[in-house]
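Worksheet for the structure shown next.
The values are calculated or read from the model by the stated rules, or taken from the named source; none is laboratory data. Given the structure is predicted, the values throughout are model-derived calculations rather than measurements. Glycine gets a Cβ as well: all are built from the backbone with ideal geometry, and neighbour counts include every protein chain shown. To get the accessible areas, we keep the full protein, side chains included, count just its heavy atoms, and leave off ligands, DNA and RNA. Shrake-Rupley method; radii C 1.70, N 1.55, O 1.52, S 1.80 Å.
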Amino acid sequence: MSRIGRLPIDIPAGVEVKIEEGNKVTVKGPKGTLEKCLPVEMTIKQEDNQVVVTRPNDLKKMKSLHGLTRSLIANMITGVSEGYEKKLEINGVGYRAQKKGKMKSLSNLGFSHPVVMTDPEGIETEMDGQNIIIVKGIDKEKVGQYAAEIRELRKPEPYKGKGIKYADEVIRRKVGKTGAK
């Protein structure tokens, strides 16, 4: 049996899970509402204060869908109760970010113009000084995707470490050229 898929998901207080026909799962909580259509092959049941996912047979595809379905539901429940956040650091001389409303302006990233980004629906960004961006939201997938899009503007380079990186990311540094003798 799938080790992750067989674990029941506890529903915290204040969170409401509704399972409709066709495995359409709606999760309501203090931070908002998430809705997702999950694979119809899986059986999703709400028992007491837990959600249990079971699979019909032991085919390889069903085993992988089992763990995936359980993880998606668990992420939805965590999102509406606690939320998700990713921290990004901007490293480099003159690299900075400013926030005005839903618009974020990243300047001096090596381009001739400042890059202006608008926060997508359901995602909120905060600035901590001029070089730390915090991306928050209830949908783990959207938070991760938006953080990746910001990082993609200027990936950290291995020689000086300049660029936009995740706060917990470690950049493997390389030694630069040495003079020929």
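May I have the pair-distance distribution P(r) for the range 110-181, computed from all Cα-Cα distances with 10 Å bins from 0 and rounded to whole percent?
Per 10 Å bin, starting at zero, the Cα-Cα P(r) for the range 110-181 comes out as 16, 42, 27, 10, 4, 1 percent.
Please sort 159-167, 131-139, 98-106 by packing, taking for each peptide the average over its residues of neighbouring beta carbons within 10 angstrom, highest first.
Going by the mean number of other Cβ atoms within 10 Å, highest first, we get 131-139, 159-167, 98-106.
Defining a contact as two alpha carbons under 8 Å apart and six or more residues distant in sequence, what relative contact order in percent does the range 72-144 show?
39
Between E124 and E41, what is the spin-label point distance in nm, taking each point 7 Å from the Cα along the Cα→C-beta axis?
The answer from the label model is 3.9 nm.
How many percent of Cα pairs in the chain exceed 26 Å?
Of the Cα pairs, 48 percent sit more than 26 Å apart.
Quantify, in whole percent, the carbon and sulfur part of the accessible surface of the chain (1.4 Å probe; protein heavy atoms only).
49
How far apart, in nm, are the 7 Å Cα→Cβ label points at A167 and K60?
Between A167 and K60, the simple spin-label model gives 4.0 nm.
Report the equivalent ellipsoid semi-axes for the range 70-164 in whole Å, largest first, defined as the square roots of five times the eigenvalues of the gyration tensor built from alpha carbon atoms.
Whole-Å semi-axes of the equivalent ellipsoid: 26, 15, 10.
What does the C-alpha gyration tensor say about the overall shape of the range 29-121? Classify as rounded when a/c is under 1.5, otherwise prolate if a/b is larger than b/c, or oblate.
Verdict is prolate for the range 29-121.
Using alpha-carbon pairs under 8 Å, 6+ residues apart, how would you state the relative contact order of the chain in percent?
18
Once both axes come from the Cα atoms, what is the angle between helix 140-152 and the longest principal axis of the chain, in degrees from 0 to 90, rounded to 10?
Compared with the principal axis, the helix lies near 20 degrees.
How would you order 27-40, 65-78, 107-120 from highest to lowest mean count of nearby Cβ atoms within 10 Å?
65-78, 27-40, 107-120
Quick check on the chain: helices-only [θ] at 222 nm, where DSSP H runs of length 4 and up contribute -39,500 (n - 2.57) each and the sum goes over total residues. Nearest 500, please.
Computed ellipticity for the chain at 222 nm equals -6500 deg cm²/dmol.
How tilted is helix 60-81 with respect to the longest principal axis of the chain? Cα atoms for both, answer in degrees (0 to 90, nearest 10).
70
Could you state the accessible area per residue of the chain in Å², with a 1.4 Å probe and every protein chain left in place?
62
Between the range 116-181 and the range 44-75, how far is it from one alpha carbon centroid to the other, in angstrom?
33
For the range 11-28, in order, what is each residue's ³J(HN,Hα) by Karplus, 6.51 cos²θ - 1.76 cosθ + 1.60 with θ = phi - 60°, in whole Hz (x at glycine and Pro)?
9, x, 5, x, 10, 10, 10, 10, 10, 9, 4, x, 6, 8, 9, 10, 10, 10
How high is the FRET efficiency from Q145 to I4, r the C-beta distance, R0 30 Å, rounded to 0.05?
For Q145 and I4, the calculated efficiency is 0.85.
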